[in-house]
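Visitor: One structure, as structure tokens, below. Some questions next.
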Amino acid sequence: MRLVWQFLAVAAVAFAGQLCVAAVDGNPWLTLLFGGLTAVLAVFAYRWVVRKTEQRPVTELAGSGARSALGRGAVIGLALFAAVIANIALLGDYEIRGWGSVPGALGLVGFMAAAAVTEELLFRGILFRIVEKWLGTWLALVLSGLVFGLMHLFNEHATLWGAIAIAIEGGGLLTSAYIATRRLWLPIGLHFGWNFAGAGIFGAVVSGQGAPQGLLAAATSGPSIVTGGDFGPEGSLYSVLFCFLATCVFLRLAHRRGRLVPRRRGERTADVTTLPA
């Protein structure tokens, strides 16, 4: 039951934020403002509802080290997406056609911050964390990843392959980053850096959805298995490959730190969210 209450609390903030962003009709400054407010309020809502329903300190959102973890995550996410674009460009399938819009890119900072924070709270902070206590790390990783991927089937230009790719990339990479640190800050930073690099810097479609113009005006062409087609570079095999490799690195780190929770028959699995990062 606590999963339901936690999910509803964060989802309500996310939904209200989406309504506000939609109401400003693409105004980049108001999008930045409302997106940032949504991210902050979602964190407060998560902390409040977890304390209420679980009666424990919310260690996965501990303030210590939050800024550095967010920064590291954003750099990793940006670097991974840049590597994908670089490989697509080497094949001649990515073309920069000019400069885009600086205000548009700033608006995307707010938009992507809200998306990164709310989705990480919902899918890693709530869904994965609670399911892991019942089924252990590996099953929870697979199940939460599948749910995360299937959610993207509702996006414009969504495809089954795109949803599978997101399940591997987002469901695997972001969850493994949480498992390795038992904090939500690194996956939030990763999520933001990846999405902002896509739309805000390289002018690419993100998860099949169009976005306001970022810093570059660019276009992709060529085989969809390379470029991702209408779904965007997240549907590229390069994205799947690079994110899978990064996932393996995080999972190896989690194993070395003793952060993997086995499935225990007949008893509840341990709660490891209170382990030090």
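Since every read-out is calculated from the coordinates, none of them should be taken as a lab result. Computed from a prediction, not measured in an experiment: that's the story for all the values here. Note: ideal-geometry Cβ built from the backbone for every residue, glycine included; neighbour counts use all protein chains shown.
Visitor: I'd like the distance separating the alpha-carbon centroids of the range 164-214 and the range 3-24, in whole Å.
Guide: About 19 Å separates the Cα centre of the range 164-214 from the one of the range 3-24.
Visitor: Could you list which residues have their amide H under 5 Å from that of ARG263, counting only those 5 or more apart in sequence or on another chain, with H placed in the peptide plane?
Guide: Result for ARG263 returns THR137.
Visitor: Related question: For the range 79-91, just list the computed ³J(HN,Hα) in residue order, Karplus coefficients 6.51, -1.76 and 1.60, θ = phi - 60°, integers in Hz, with x standing in for Gly and Pro.
Guide: Values per residue, Gly and Pro as x: 5, 5, 5, 4, 5, 4, 4, 4, 5, 5, 5, 4, 8 Hz.
Visitor: Each residue of the range 158-174 in turn: what ³J(HN,Hα) in whole Hz from Karplus with 6.51, -1.76, 1.60 and θ = phi - 60°, glycine and Pro shown as x?
Guide: 5, 9, 4, 4, x, 5, 5, 4, 5, 4, 6, 6, x, x, x, 5, 5
Visitor: Skipping prolines and chain starts, which residues have an amide H placed within reach, meaning under 5 Å, of the one on VAL206, given they are 5 or more residues away or on another chain?
Guide: Residues meeting the amide H criterion: none.
Visitor: Arrange CYS20, CYS248, CYS243 by Cβ neighbour counts within 10 Å, fewest through most, would you?
Guide: CYS248, CYS20, CYS243
Visitor: Given the Cα-Cα distance of LYS52 and LEU160 and 0.36 nm per residue of separation, how much length would full extension add, in nm?
Guide: 35.1 nm
Visitor: Could I ask something else about it? Report, to the nearest 10°, how far helix 28-54 tilts away from the longest principal axis of the Cα atoms in the chain, using its own Cα long axis and a range of 0 to 90°.
Guide: 10 degrees
Visitor: Separate question: Name the most mobile residue of THR227, THR59, THR31, meaning the one with the largest mean-square fluctuation, in a Gaussian network model of the chain with Cα contacts below 10 Å.
Guide: Looking only at THR227, THR59, THR31, the largest GNM fluctuation is found for THR59.
Visitor: Whole angstrom only: what separates the Cα centroid of the range 123-144 from the Cα centroid of the range 42-115?
Guide: What the calculation gives is 21 Å, centre to centre.
Visitor: May I pose another question? What are the principal axis extents of the Cα atoms in the range 170-214, in Å, biggest first?
Guide: 35, 16, 11
Visitor: Moving to a separate point now. If one takes the longest principal axis of the Cα atoms in the chain, at what angle in degrees, from 0 to 90 and to the nearest 10, does the Cα axis of helix 185-195 lie?
Guide: The angle comes out at about 20 degrees.
Visitor: Between ALA217 and residues 5 or more places away or on another chain, which pairs have amide H atoms under 5 Å apart, with H built 1.01 Å from N, and which residues are they?
Guide: For ALA217, whose amide H was placed from the backbone, the distant partners under 5 Å are ARG97, GLY98, TRP99, GLY100.
Visitor: In whole Å, largest first, what are the principal axis extents of the Cα atoms in the range 121-233?
Guide: Rounded to whole Å, the extents work out to 45, 27, 20 Å.
Visitor: Under 8 Å for C-alpha pairs, at least 6 residues apart: give me the relative contact order for the chain, rounded to a whole percent.
Guide: Computed over the chain, the figure is 25 percent.
Visitor: Please compute the net charge surrounding GLN209, taking Lys and Arg as +1 and Asp and Glu as -1 over other residues with Cβ under 14 Å from its Cβ.
Guide: -4
Visitor: Can you tell me, using C-alpha contacts under 8 Å and at least 6 residues apart, the relative contact order of the range 139-231 as a whole percent?
Guide: Result for the range 139-231 is 24 percent.
Visitor: Based on C-alpha coordinates, I'd like the Rg and Dmax of the chain, in Å.
Guide: Taking only Cα atoms of the chain, I get Rg and Dmax of 18.2, 61 Å.
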